[in-house]
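Novice: Below you'll find the structure I mean.
The values are calculated or read from the model by the stated rules, or taken from the named source; none is laboratory data. Keep in mind the model is a prediction, meaning the values are calculated, not measured. All Cβ positions, even for glycine, are placed from backbone atoms using ideal geometry, and neighbour counts span all protein chains on display. We work out accessible area using only protein heavy atoms, side chains counted, and drop any ligands, DNA or RNA first. Shrake-Rupley method; radii C 1.70, N 1.55, O 1.52, S 1.80 Å.
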Amino acid sequence: MASMLMNPIRSCSVSSSWAVRFGARSLSTTAQLQAQVQTKSKKTLARPGVKNIVLVEGVRTPFLLSGTTYADLMPHDLARAALQGLLNRTGIPKDAVDYIIYGTVIQEVKTSNVAREAALGAGFSDKIPAHTVTMACISSNQAMTSSVGLIAAGQCDAVVAGGVEFMSDVPIRHSRKMRKTMLSLNKAKTLGQRLSLIGSIRLAHLSPELPAVAEFSTAETMGHSADRLAAAFGVSRVEQDEFALRSHTLAKKAQDEGLLQDVISFKVPGRDIVSKDNGIRPSSMEQMAKLKPAFVKPHGTVTAANSSFLTDGASAVLIMSEEKALAMGYKPKAYLRDFVYVSQDPKDQLLLGPTYATPKVLERAGLSMSDIDVFEFHEAFAGQIMANLKAMDSDWFAQTYMGRKSKVGTPAMEKFNLWGGSLSLGHPFGATGCRLATTVANRLRKEGGQYGLIAACAAGGQGHAMVIEAYPQ
């Protein structure tokens, strides 16, 4: 596919200097954009006979580089902090929630159902069921849409969804041969059997197994796939570094201006209070250019500077039926409207989820790209974002690979990830989806827009997109 894509996609209209140009523009035109969207008058996406489901509030712990302040915690500690932050922010009684769903990717073996352990630790009623889902980087997206499904089906009126990831400590296993020996030792009945098994252990058996960082079906790391994808779409190293710099610059601006209101303060046991993300580090093109390729060496274009970093963090959102929210005196932030999940070839299209999901969710909602006021896309890699933008702007790709008559078009960059993204804020795999949804809701309120769209890629060649509508102010 790479060779097939190269020439047609390279002719797309996204130029090599777009990131700097639009980055500067987005830093200086927020007021103009707000004035533009406030003058729009659009129809609501409410449908007769369909229950309105709302996002009441969303919070997250500060997202921190793994191995820093959260290093001595466990995943359920972060998830508990997010849940307690949501309780404090909303004031909802701890027994008023009907269900709790959390997403995570790399599970701690002691708390396999981290949703339940975190809920109990946060003080929720032990009568509230809770379960954990996993769908790679869209795990908390799945937690949210599962919550929507429970409410739409009439099973629940109030559900808490969230996600957590803790990369400071991941399960490391013994080798399979060592595990088999240890299990056999546990079953051995005589001293002779035990000595025989112990004598069978070889030095090679002591080699540990780390969590997989490669796709099971292709044995390729996501970073390597991102590098190939960038090459296939003709995305240069400069373009990637420009986009990464844009992300960090916008995130720092949002942080300094107090726009990241979903971040709660968290007193880390034995340490200081943490109140902001610590991975936001605007650099310069000159400094970023000094870094060597991280995956495809020596000629690759994906580096540590234009990739998302290993992150610890948790998020939580309160989702309710509109009727229940109003009855309890809440003013919701947004309606959760149409959503889709997609899957495609995990080898050559691993990270193209947004390209496939965006036109589908727009069609379901009866909207076009120009109707969307706020875009929040997950930034796994700068090259992944750029490749998706070029694919979305290609009639050839739409016709050849998606079976569509024409391209969906690219998001207007003055509406795109204006408060930073995963490259700068961080990407706790299981928690990012809720961050995206909460950011859209907060940006719609701040900028006066009506429709927002979130989109994300995920391991396995999967993806998700959702349309979110501002709640009338």
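Novice: Can you pull the percent of the stretch 139-207's accessible area that's carbon plus sulfur, 1.4 Å probe, other chains left in place?
Specialist: Reported share for carbon and sulfur atoms: 56 percent.
Novice: Now for a different question. Add -39500 (n - 2.57) for each DSSP H run of 4 or more in the chain, then divide by its residues: what number comes out at 222 nm, to the nearest 500 deg cm²/dmol?
Specialist: Theoretical 222 nm ellipticity from helices: -11500 deg cm²/dmol.
Novice: Give me the net charge for the shell around Val114: Cβ to Cβ below 14 angstrom, other residues only, Lys and Arg +1, Asp and Glu -1.
Specialist: -3
Novice: Residue farthest toward the positive end of the dipole of the chain, with Cβ of Lys/Arg at +1 and Asp/Glu at -1: which of Trp419, Gln255, Gln240?
Specialist: Ranked along the dipole, the leading option is Gln240.
Novice: Something else about it: Could you rank Arg89, Arg179 by how accessible they are, 1.4 Å probe, largest area first?
Specialist: If we order Arg89, Arg179 from most to least accessible, we get Arg89, Arg179.
Novice: In square nanometres, what is one fourth of the surface area of the convex hull spanned by the alpha carbons of the stretch 77-217?
Specialist: 12.1 nm²
Novice: Among bridges DSSP assigns within the chain, what percent are antiparallel (round to 5)?
Specialist: For the chain, the DSSP antiparallel bridge percentage is about 70.
Novice: Quick one: accessible area per residue over the chain, 1.4 Å probe, rounded to a whole number of Å²?
Specialist: Normalised by residue count, the accessible surface of the chain is 41 Å².
Novice: Below 16 Å, Cα to Cα, which lysines can Lys94 reach? Residues fewer than 8 away in the same chain don't count.
Specialist: Filter leaves Lys127, Lys324.
Novice: In the stretch 394-471, which trypsin sites (Lys or Arg not before Pro) fall in coil by DSSP and have 10 or fewer other Cβ atoms within 10 Å?
Specialist: Taking the stretch 394-471 and a limit of 10 other Cβ atoms within 10 Å, the loop trypsin sites (Lys or Arg not before Pro) found are Lys405.
Novice: Hey, another quick one. Reachable lysines from Lys253, Cα under 21 Å, same-chain residues fewer than 8 places away excluded?
Specialist: Lys276, Lys415, Lys446
Novice: Would you work out what percent of the accessible area of the stretch 403-451, with all protein chains in place, is carbon or sulfur (probe 1.4 Å)?
Specialist: Its accessible area is 47 percent carbon and sulfur atoms.
Novice: Here is a follow-up. Once you charge only the Cβ atoms, +1 for Lys and Arg and -1 for Asp and Glu, what is the size of the charge dipole of the chain about its Cα centre, to the nearest 20 debye?
Specialist: The dipole magnitude comes to about 740 debye.
Novice: Dipole of the stretch 108-192 (Lys/Arg Cβ +1, Asp/Glu Cβ -1, origin at the Cα centre): which of Met144, Met178, Leu120 lies farthest to the positive side?
Specialist: It is Met178.
Novice: Quick check: from the Cα gyration tensor, does the chain come out rounded (a/c under 1.5), prolate or oblate?
Specialist: Note, shape of the chain comes out oblate.
Novice: Got a number for carbon plus sulfur as a percent of the stretch 236-295's accessible area, 1.4 Å probe?
Specialist: The value for the stretch 236-295 is 53 percent carbon and sulfur by accessible area.
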